[in-house]
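One structure is given here, and the rest of the page talks about it.
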Amino acid sequence: MHDPSNLTLLPPLARRTDSKILFIVLDGLGGVIGPEPTALMRATCPHLDALAARSALGRTIPVADGITPGSGPGHFALFGYDPLAMHVGRGLLEALGLGVDVREGDVAIRGNYCTLDAEGRLLDRRAGRLATELAAPLAAELNAAIGRIEDVEVEVHPGLQYRFAAVFRGPGLDGHVGDTDPQAEGVLPHPARARQPAAEKMARIAEAFAAAARKVLGRRDVANGVLLRGISGRPPLPTYQQVAQLRPVCIAAYPAYRGVARMLGMDIRTDVEPTATVADEVAVLEDAWQQPHDFYFLHIKKTDSYGEDGNEAAKAGVIESFDAQLPRILALKPDVIVITGDHSTPGPMAGHSWHPVPTLLYGPWCEPEGAPGFDEATCGRGRLGPRLPATALLRLALANAGKLAKFGA
């Protein structure tokens, strides 16, 4: 399933126009076709179904057949960047999404506060989902007590709930280090192991940081240790302005998705909180529509959250909430609309999966097919095909918006 590199193909063809593109990402949208209806099939969505009849449909593959994507690779693919050609860890996205300055040569880590027993085994990987206001002072404690390991500066930044972002700055750092989170309880955290020889120093620093954090926090009954995840540096990456002459803006509540957007040079609307409803996010979109942007990324999280909880009914409810707001979105008159997910999160699997993601493309030249609705089965029969590379969506959106010149003489 080879797809040409947009980073090579698009820059000489892209042109700036006044047309506007809207990418709506219902996180974890897709499900599994089987004996039970998916969340999309359960949901009553008259506005989405009506839009589907005027659009081209398909199912997209974020990474490759059989490969389950994380949120970072899934979003990069949607935005036209080959996730297999990049090493971008969740730590970098978390840090950037929190507004932290991460430079080339730095290494960023997403951390969880966790609870350990007297032998160092995990009792709770998320420290009881520690509240944000209780977790923030812990970052200050770590900064005051650690600050530096060998010749490397250490910064710890509070995130949402039990999460934090740590940035390491110094010579000779490489982010190819494995997570310390074993994804299970009742066991010891993994040691930080280098995946490449160049990362041996960073692995040593990460181990020293985890040990120092345990010493600082060890007097506590809850949140007395840390788990380190998504360790990575910041690769050089061309922005949307450089790739496609776009003026993009991101409307997302959670740091990781803002981090993806920041890497691509998007403006970030910071007036969206994790408690925001779909209606709240659409209100921010309406306000942003008056600004000089021509690419809009609207992210809706709770479809994924309920999928991971195995709650298909609640996931369907989020889709219905989105459908209720769709007339407000259409009233803005976007020239091109893409509605999809970064990956599938089927409720029966209670996690991300490799299954293709239902996708809708609306635009003036999309060749609508009068589809009867928007769900996995209908999209699988659609004009875009059952296995469209997600990286192709940016090109199709640009083409429908009149933002691509002819290739060749």
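The values are calculated or read from the model by the stated rules, or taken from the named source; none is laboratory data. Since the model is a prediction, treat every value here as computed from it, not as a measurement. A quick note on method: Cβ atoms are made from the backbone with ideal geometry, for glycine too, and the neighbour counts reach across all protein chains shown.
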Cβ pairs under 7 Å, 6+ apart or interchain, first in the stretch 291-304 and in contact (Cβ under 8 Å) with a residue 40 or more places away in the chain and part of a loop (DSSP other than H, G, I, E, B), second surrounded by fewer than 24 Cβ atoms within 10 Å (Cβ to Cβ) and among the aromatic types (Phe, Trp, Tyr), ordered by first then second residue, are LYS301/TYR254
Only residues in the stretch 144-157 that are closer than 11 Å to ARG169 by Cα count as the first member; pair them with residues that are among the β-branched types (Val, Ile, Thr) and in a loop (DSSP other than H, G, I, E, B), Cβ under 8 angstrom, at least 6 apart or cross-chain, and list the lot. VAL154/ILE146; GLU155/VAL100
Residue check: is LEU188 among the aliphatic types (A, V, I, L, M), under 30 Å from ASN6 (Cβ atoms), touching a residue at least 12 places away in the same chain (Cβ under 8 Å) and surrounded by fewer than 20 Cβ atoms within 10 Å (Cβ to Cβ)? no
If a residue has to be out of contact with any Phe, Trp or Tyr (no Cβ under 8 Å at 6 or more places or on another chain), crowded, with 16+ Cβ neighbours inside 10 Å and among the polar types (S, T, N, Q) to count, how many in the stretch 5-62 make the cut? 3
Yes or no: GLN161 in a loop (DSSP other than H, G, I, E, B), within 29 Å of ALA118 (Cβ to Cβ) and either assigned by TED's automatic domain parsing to the domain that holds ARG262 or in contact with a Ser or Thr (Cβ under 9 Å, 6 or more places away or on another chain) (or both)? yes
Verdict on VAL32 being in contact with a strand residue (DSSP E or B) (Cβ under 8 Å, 6 or more places away or on another chain), hydrophobic (A, V, I, L, M, F, W, C), in the same structural domain as LEU138 (by TED's automatic domain parsing) and more than 30 Å from LEU398 (Cβ to Cβ): no
The lone condition ARG258 fails out of (1) touching a Pro at 6+ places or on another chain (Cβ under 9 Å); (2) of a type in the set (Lys, Arg); (3) crowded, with 24+ Cβ neighbours inside 10 Å is (1)
Identify all residues within the stretch 70-79 that are assigned to a loop (DSSP other than H, G, I, E, B) and either in contact with a strand residue (DSSP E or B) (Cβ under 6 Å, 6 or more places away or on another chain) or modelled with pLDDT under 95 (or both); write none if there are none. GLY70
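Results for (1) out of contact with any strand residue (DSSP E or B) (no Cβ under 9 Å at 6 or more places or on another chain); (2) modelled with pLDDT of 95 or more, shown as yes or no for each residue.
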| residue | (1), (2) |
| --- | --- |
| MET263 | yes, no |
| THR277 | yes, yes |
| LEU298 | no, yes |
| SER305 | yes, no |
